[in-house]
1. Can you name the residue in the stretch 235-245 that is of a type outside the set (Gly, Ala, Ser) and touching an Asp or Glu at 6+ places or on another chain (Cβ under 7 Å) and is also farthest from residue 201 (Cα to Cα) among such residues?
2. Does residue 229 satisfy being open to solvent by less than 60 Å² (accessible area, probe 1.4 Å) and at pLDDT below 75?
3. Being more than 19 Å from residue 390 (Cα to Cα), open to solvent by 10 Å² or more (accessible area, probe 1.4 Å) and not hydroxyl-bearing (Ser, Thr, Tyr) is the filter here, so list the residues in the stretch 300-333 that pass it.
4. Among (1) more than 29 Å from residue 7 (Cβ to Cβ); (2) touching a residue at least 24 places away in the same chain (Cβ under 8 Å), there is one condition residue 71 misses while meeting the rest; what is its number?
5. Can you name the residue in the stretch 348-372 that is β-branched (Val, Ile, Thr) and under 20 Å from residue 310 (Cα atoms) and, of all such residues, is modelled with the lowest pLDDT?
6. Going by what's in this entry, would residue 114 be described as open to solvent by 70 Å² or more (accessible area, probe 1.4 Å) and modelled with pLDDT under 90?
7. (1) open to solvent by 20 Å² or more (accessible area, probe 1.4 Å); (2) closer than 28 Å to residue 207 by Cα; (3) touching a residue at least 40 places away in the same chain (Cβ under 8 Å): which one isn't true of residue 50, the others all being true?
8. Consider residue 392 carefully, then state whether it is among the β-branched types (Val, Ile, Thr), under 20 Å from residue 297 (Cα atoms) and in a helix (DSSP H, G or I).
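The values are calculated or read from the model by the stated rules, or taken from the named source; none is laboratory data. Note that the structure is predicted; figures quoted are calculated from it, not measured. Don't worry about glycine lacking a Cβ; one is built from the backbone with ideal geometry, like all the others, and counts go over all protein chains shown. For accessibility, only protein heavy atoms count, side chains too; no ligands or nucleic acids. Shrake-Rupley method; radii C 1.70, N 1.55, O 1.52, S 1.80 Å.
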Amino acid sequence: MLLIGKSTLAATVAWVISYNLLNAQSPAFAPFSAVLIMQVTVYQSVVQSLRYVGAVAAGVAVQAALGFLAGPDVLTFVLVAAVALTIGRWPALGAQRSQVATAAFFAFSTYSAATSNTEKITQLGQIILLVLIGCGVGVLVNLAVFPPMRYRSAEYGIRTLAHALCDLVSDVYPALRDGDLDRERTEQWRSRAARAEGLITQARSGLRTAQESQYYNPRRLLRRYRSPSSFEGYASVMEALERTLYQMASLTRSLDRWREDREDREDREDENRESAGRGGDDGEDEDREGAATPVDEAQRSFLACYARFLESISAIASVLAELAEESLTDQARELCRLADEAQRCREQVADEAERQGLPLTDPGRPYGVLVVEATRLMEEFQHTCDVIQHQVDS
């Protein structure tokens, strides 16, 4: 609603200047430009203004050069279109690249309607002037009327990633504790981990918007707004959460592949028993798909220990999902306590694997991978907690 209101105000002011004061032939260029460059941050408004003015100036220059050389005929229009579209491929113009051709076409129309060379030059210059007026009004309105400070988007990005991580881990550890690794569960974990990775782009965009909202913004001078170091801390936390999500995706893939290998191995054993006449009762193993994969006692003990580790990780993620600068001191203290507990649980995972004599180097078994993933997960969460504690201390 604020952006709509500011865009309406900027468009109205630009129209009054271009239509009432300048009596321009094409006054709509000014309000159109004012609305086009109205962005969620002042920084983006300035950047888009510069790119838009550059694109329009390039389009008008192409028309002026070719128009005066060849005249306003169809062949000239073909040349104008080709050159403008070629310039529009320039990456430096960003999202405003298409405006090169748009400006050139409008300039061609204006040029064709003019009756004298003086009028043609005046009308083409007026297009650039109207664009400058519109962009200037848009930037000034965005700067003067509640300039946006989108610092909350940095917290929202971290919370989104932490929520996704917490929800996934909270589903995995009860199943590991119960030894319930059926096909539907492991495939769902793998799919959810892949979808969670898609949230990373949104989180990065939110952080980038939060950082950009400080540039050229007079409100950043107020002490209640965050310093750049706050966003640096958020960036470090977000990067750690990103790596953690990738680790969880790797872990879920390992569990899913292990379940597939176990089912394939058990199917082969059943076929061998049947071919040797030593199979069980008819129908004993029918509809194996979707059934829980049995585990022996050593495996069960290890998986239960691993579930406790993931449960401790879930507790850390749940705190990160409520991260707020206002309560960061208490949250940092809680995160440090939970990180110490998770570290003890991780050590128990390694000790349990060694105590049970599990084949950690067997590529067909997940134990070695799970131990490695536990170490990596713990490293990322410990780093996250250290960053937040450092932010509080500083």
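1. 244
2. Details: open to solvent by less than 60 Å² (accessible area, probe 1.4 Å): yes; at pLDDT below 75: yes.
Yes.
3. Once the filter is applied, which keeps residues that are more than 19 Å from residue 390 (Cα to Cα), open to solvent by 10 Å² or more (accessible area, probe 1.4 Å) and not hydroxyl-bearing (Ser, Thr, Tyr), the stretch 300-333 yields 300, 304, 308, 311, 315.
4. Here residue 71 meets the rest and fails (2).
5. Ranking the candidates gives 369 first.
6. no
7. (3)
8. no
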